[in-house]
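Colleague: Can you keep this structure in mind? I'll have questions shortly.
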């Protein structure tokens, strides 16, 4: 089974070593927030709370928390051309709960569905951005993603394969480097071409 965890620079600089036949690749989920079923995400969240026993220390019941989540996530409105619309599907963009529930949903998705196809050697995920170290070449990776996208549900993946031993992941560039006969990953910040250096106020959503 592959490694599953969160990305951090210290992991790559200190721990990650590759075999000569291993490659870097990344997976990205298309429009993750609009594709996640809200009711399912809430059910998974409540199940995780049950498993953690944290509900035992809260002055709320499971029903209370479920009703609060429904209220916060199923009553989202947006304005377009001076008209107001209610969002009927997916997690609401900009909602402070959406990224947390998306992460919980994807963690469950990994456990249930990523085992239905060929598992990479190592895998890290940050919400909808996934990095893998794999022995698959590009044609096999394309087939892997094709099989992954046939799994039940609305989650659909795109993929990127390393070029010249490098791949961009989040705001970093990862490079395979040989030091003392070992292949390791070097990490440096990557400035995206879409960067504008513009700052937004904390109330810009309002």
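The values are calculated or read from the model by the stated rules, or taken from the named source; none is laboratory data. What you are looking at is a predicted structure, and each value in this text was computed from that prediction instead of being measured. In this analysis, Cβ positions are derived from the backbone assuming ideal geometry, glycine residues included, and neighbour counts consider all displayed protein chains.
Colleague: I need every pair where a residue in the stretch 147-164 that is at negative phi and exposed (fewer than 14 other Cβ atoms within 10 Å of the Cβ) has its Cβ under 6 Å from the Cβ of a residue that is modelled with pLDDT of 90 or more and part of a strand (DSSP E or B), sequence separation at least 6 or different chains.
Modeller: As it stands, the answer is 158/28, since those pairs meet every condition given.
Colleague: What single numbered condition from (1) touching a residue at least 24 places away in the same chain (Cβ under 8 Å); (2) surrounded by 13 or more Cβ atoms within 10 Å (Cβ to Cβ); (3) assigned to a loop (DSSP other than H, G, I, E, B); (4) more than 15 Å from the chain's Cα centre (by Cα) fails to hold for residue 89?
Modeller: (2)
Colleague: Take residue 49 and decide whether it is within 28 Å of residue 122 (Cα to Cα), in contact with a strand residue (DSSP E or B) (Cβ under 8 Å, 6 or more places away or on another chain) and surrounded by 13 or more Cβ atoms within 10 Å (Cβ to Cβ).
Modeller: Working: within 28 Å of residue 122 (Cα to Cα): yes; in contact with a strand residue (DSSP E or B) (Cβ under 8 Å, 6 or more places away or on another chain): no; surrounded by 13 or more Cβ atoms within 10 Å (Cβ to Cβ): yes.
Taking the combined requirement at face value, the residue does not satisfy it.
Every residue, every condition in (1) over 30 Å from residue 88 (Cα atoms); (2) modelled with pLDDT of 95 or more; (3) in a helix (DSSP H, G or I); (4) more than 20 Å from the chain's Cα centre (by Cα), yes or no:
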position	(1), (2), (3), (4)
11	yes, no, yes, no
20	yes, no, no, yes
26	yes, no, no, no
42	no, yes, yes, no
56	yes, no, yes, yes
65	no, no, yes, yes
69	no, yes, yes, yes
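Colleague: Could I ask something else about it? If I filter the stretch 96-108 for residues that are surrounded by fewer than 16 Cβ atoms within 10 Å (Cβ to Cβ), out of contact with any helix residue (DSSP H, G or I) (no Cβ under 9 Å at 6 or more places or on another chain), part of a loop (DSSP other than H, G, I, E, B) and at negative phi, do I get at least one hit?
Modeller: No: the stretch 96-108 contains no residue that is surrounded by fewer than 16 Cβ atoms within 10 Å (Cβ to Cβ), out of contact with any helix residue (DSSP H, G or I) (no Cβ under 9 Å at 6 or more places or on another chain), part of a loop (DSSP other than H, G, I, E, B) and at negative phi.
Colleague: If I filter the stretch 52-86 down to residues being surrounded by 14 or more Cβ atoms within 10 Å (Cβ to Cβ) and free of Cβ contacts under 8 Å to residues at least 24 places away in the same chain, which single residue comes out as farthest from residue 107 (Cα to Cα)?
Modeller: Just the residues of the stretch 52-86 that are surrounded by 14 or more Cβ atoms within 10 Å (Cβ to Cβ), to begin with: 55, 65-66, 69, 72-74, 76.
Cutting the leftovers down to free of Cβ contacts under 8 Å to residues at least 24 places away in the same chain gives us 55, 65, 76.
Numbers: 55: 20, 65: 20, 76: 24 Å.
The selected residue is 76.
Colleague: Counting only residues that are assigned to a loop (DSSP other than H, G, I, E, B) and within 20 Å of residue 112 (Cα to Cα), which one in the stretch 28-40 is modelled with the lowest pLDDT?
Modeller: Restricting to residues being assigned to a loop (DSSP other than H, G, I, E, B) and within 20 Å of residue 112 (Cα to Cα), the top hit is 30.
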